[in-house]
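Here is the structure we will look at.
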């Protein structure tokens, strides 16, 4: 349904999107995640055809957004973060205006307006001025504009920003219901929201794609997906030497010291190993008392933070640095070949 292939966007020397590649299948609700300045809005603007990529291309339902813009854009409904509404209009008038802009046939407009107003549940306020509506209703009106023309793809940029908890819950339910008939890309800073709504997430930072997977798979992948939290009384500090005896343990990490003197540790082990029985046996031998043992709950937020931190730890190399490294590697390869030849000559003698 949506293909983003080798998409790059430069503003002068600034690289906003760096060789982005991903695919969204029909009927998926996909969360698009990244910190501020990650390139989310730029990427979404390229997908919707608002701006052109420097390199690469986007296809919507088989239509190239750059080459067949009109056909591609008919497949897209876009709800930007800053709700673009006309306050002097009513919701009904706004939806009518959007139907004209999107080329809905005159004889079909009345039915289309009724369908859209019902879809976002704003029939009860359809004749009130938009300026007099609550933020939640204004978000629904903006979403109604995106739904006009019944596009197959919806691009929603921060659809719940600024809403109160009740309004957030209502908009989430609405997006879930829309997912039955539309393919949706949802940008949000609220990771719990993405976990509840989306079947797949795309994480980007500094214009680069970091991960594309289901929330469940990403959570399992974090820390190898096999982490235990153990709270122990260890008066003689034997935990390090005890854990070293356990072959399947990958990492022991102190989380916190509690007020009663006990300590909580995380113990990560190999993916396919359950070491709970071994922990009980070995800790008992060492005279340590286990107060609590449970599996760690890894959240999408943990995955997100870890991926962003990993990228920070890996410095981005300039083209000049990469060129120097490549040249150094070539010279090293030449030296290795020369040594091999000399060693071979020596062996022949």
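Results, tabulated for the structure shown:
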{"read-out": "Meets criteria (over 23 Å from the mean Cα position of the chain (by Cα), within 30 Å of residue 196 (Cβ to Cβ) and surrounded by fewer than 21 Cβ atoms within 10 Å (Cβ to Cβ)) for residue 85", "value": "yes"}
{"read-out": "Boolean, residue 148 is in the same structural domain as residue 265 (by TED's automatic domain parsing), touching a helix residue (DSSP H, G or I) at 6+ places or on another chain (Cβ under 7 Å) and either modelled with pLDDT of 90 or more or buried (at least 20 other Cβ atoms within 10 Å of the Cβ) (or both)", "value": "no"}
{"read-out": "Condition met for residue 290 (more than 26 Å from residue 213 (Cβ to Cβ) and in contact with a strand residue (DSSP E or B) (Cβ under 8 Å, 6 or more places away or on another chain))", "value": "yes"}
{"read-out": "Subset of the range 212-226 that is farther than 18 Å from residue 274 by Cα and crowded, with 16+ Cβ neighbours inside 10 Å - its residue that is modelled with the highest pLDDT", "value": "212"}
{"read-out": "Residues of the range 1-48 that turn out to be part of a loop (DSSP other than H, G, I, E, B) and more than 23 Å from residue 180 (Cβ to Cβ), as a count", "value": "8"}
{"read-out": "Helices (runs of 4 or more DSSP H) wholly inside the range 188-260 that include at least 1 residues being under 30 Å from residue 14 (Cβ atoms)", "value": "191-197, 215-221"}
{"read-out": "Selected residue [over 20 Å from the mean Cα position of the chain (by Cα) and crowded, with 18+ Cβ neighbours inside 10 Å] from 201, 141", "value": "141"}
{"read-out": "Test set (1) part of a loop (DSSP other than H, G, I, E, B); (2) under 18 Å from residue 149 (Cα atoms) - residue 78 fails condition number", "value": "(1)"}
{"read-out": "Lone unmet requirement of (1) crowded, with 18+ Cβ neighbours inside 10 Å; (2) at negative phi for residue 165", "value": "(1)"}
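Rundown of residues vs (1) surrounded by fewer than 10 Cβ atoms within 10 Å (Cβ to Cβ); (2) in contact with a strand residue (DSSP E or B) (Cβ under 9 Å, 6 or more places away or on another chain); (3) closer than 30 Å to residue 191 by Cβ; (4) at pLDDT below 70, yes/no style:
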| site | (1), (2), (3), (4) |
| --- | --- |
| 285 | no, no, no, no |
| 296 | no, yes, yes, no |
| 306 | no, no, yes, no |
| 325 | no, no, no, yes |
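Here is a yes/no grid of residues against (1) touching a residue at least 24 places away in the same chain (Cβ under 8 Å); (2) touching a helix residue (DSSP H, G or I) at 6+ places or on another chain (Cβ under 8 Å):
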position	(1), (2)
55	yes, no
64	no, yes
69	no, no
99	yes, yes
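The values are calculated or read from the model by the stated rules, or taken from the named source; none is laboratory data. Bear in mind that the values here come from a model prediction, so they are computed numbers and not experimental data. Note that we place each Cβ from the backbone using ideal geometry, even for glycine, and neighbour counts take in every protein chain shown.
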